[in-house]
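Report on the structure given below.
The values are calculated or read from the model by the stated rules, or taken from the named source; none is laboratory data. Only a predicted model underlies this, so the values are computations on that prediction, with no experimental measurement involved. Quick reminder, even Gly has a Cβ in these numbers, built from the backbone with ideal geometry, and neighbours come from all protein chains shown.
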C-alpha cells in the first residue's frame, strides 16, 4: 500500500469498540472489502461518555488528512458526528451502516427493549454498564426471526440456523463488552438523549428493514442517500451476498465526485 491511498476511517458501534482487536473483529468484513484500495484507520473509544468517545477519536485522528472517507456502524455514527463538529472538513463522504440518527435511539426502541431487557436497563439506570445477558436479548437486538420454511428447503434453513446460533454465542461469550452507563443513557433514555449536529458532507445510510435499532430512520437535516435493504442489526457481521452487495454499493458511492 502506498502513501497515496485514500483514507477510510471506521467507527465501531456499542459493545465492540474498546480495543483495536475487538473493533477489527466487528468490522472485519468491511476491512477485507476495502483494504486493498484504502488506508484503513479503525477508531476505538475511551472514557465513559459520548463526549469522551469523541475526544478520544479526535486524538487518534489528529494526523489524518481532511477529505477522508468514513464508514460508521450503529453508535459510531454519533461519534463521527461529534468528530465532524470539531473538524468539519475531515470527511469527504460518510457511509452509515445501521447508523444511528442524530437524536440517538428512538423512544419506541427504548420501550420495546424494556420488554426483554428490563434487568440490564435497570442496572444501567443506577450507573452500571449496559450489557446483554442472555441469548434471547442478543437475538432480539441483532437478529430478525428466521422463516419457518426456507425457499431452498430444510437443509438451507438448518444451515442458516446453525450459523446464526454460532454467531450469537460468539457475541455473548466474547465479543460484547459492557458499555458505560452514561454513554448509553445519553443514547437512549428520554430526556437525556444527546442530539448531535448533522454531518456536513454527503451521507449514504444503509438501513436494514428488520433492524431493531432503526425503525423508521429518517436522518433529518443531513445530505442523505437512504438505501433500504433486507437484513437486521447483524448484517455487517455477515459474509452473505446481501451484506457484500452493500459494501460494493458504498465503494462505488465513495468514488462519485
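Summed over region 111-142, the residues that are outside any loop (DSSP other than H, G, I, E, B), under 19 Å from the mean Cα position of the chain (by Cα) and over 18 Å from residue 211 (Cβ atoms) give a count of 1. Every test in (1) buried (at least 17 other Cβ atoms within 10 Å of the Cβ); (2) in contact with a helix residue (DSSP H, G or I) (Cβ under 6 Å, 6 or more places away or on another chain); (3) closer than 16 Å to residue 183 by Cβ is passed by residue 120 save one, and that test is (2).
Between 7, 54, which is in contact with a strand residue (DSSP E or B) (Cβ under 7 Å, 6 or more places away or on another chain) and surrounded by 16 or more Cβ atoms within 10 Å (Cβ to Cβ)?
On the way: 54 fails: in contact with a strand residue (DSSP E or B) (Cβ under 7 Å, 6 or more places away or on another chain).
Every option except 7 fails the conditions.
For region 65-79, the criterion of a residue being assigned to a loop (DSSP other than H, G, I, E, B), free of Cβ contacts under 8 Å to residues at least 40 places away in the same chain and over 20 Å from residue 28 (Cα atoms) is satisfied by at least one position.
Only one residue in 214, 176 is over 19 Å from residue 108 (Cβ atoms) and either in the same structural domain as residue 123 (by TED's automatic domain parsing) or crowded, with 16+ Cβ neighbours inside 10 Å (or both), so which one is that? Write out each step before concluding.
Numbers: 214 fails: over 19 Å from residue 108 (Cβ atoms).
Of the residues listed, the single one that is over 19 Å from residue 108 (Cβ atoms) and either in the same structural domain as residue 123 (by TED's automatic domain parsing) or crowded, with 16+ Cβ neighbours inside 10 Å (or both) is 176.
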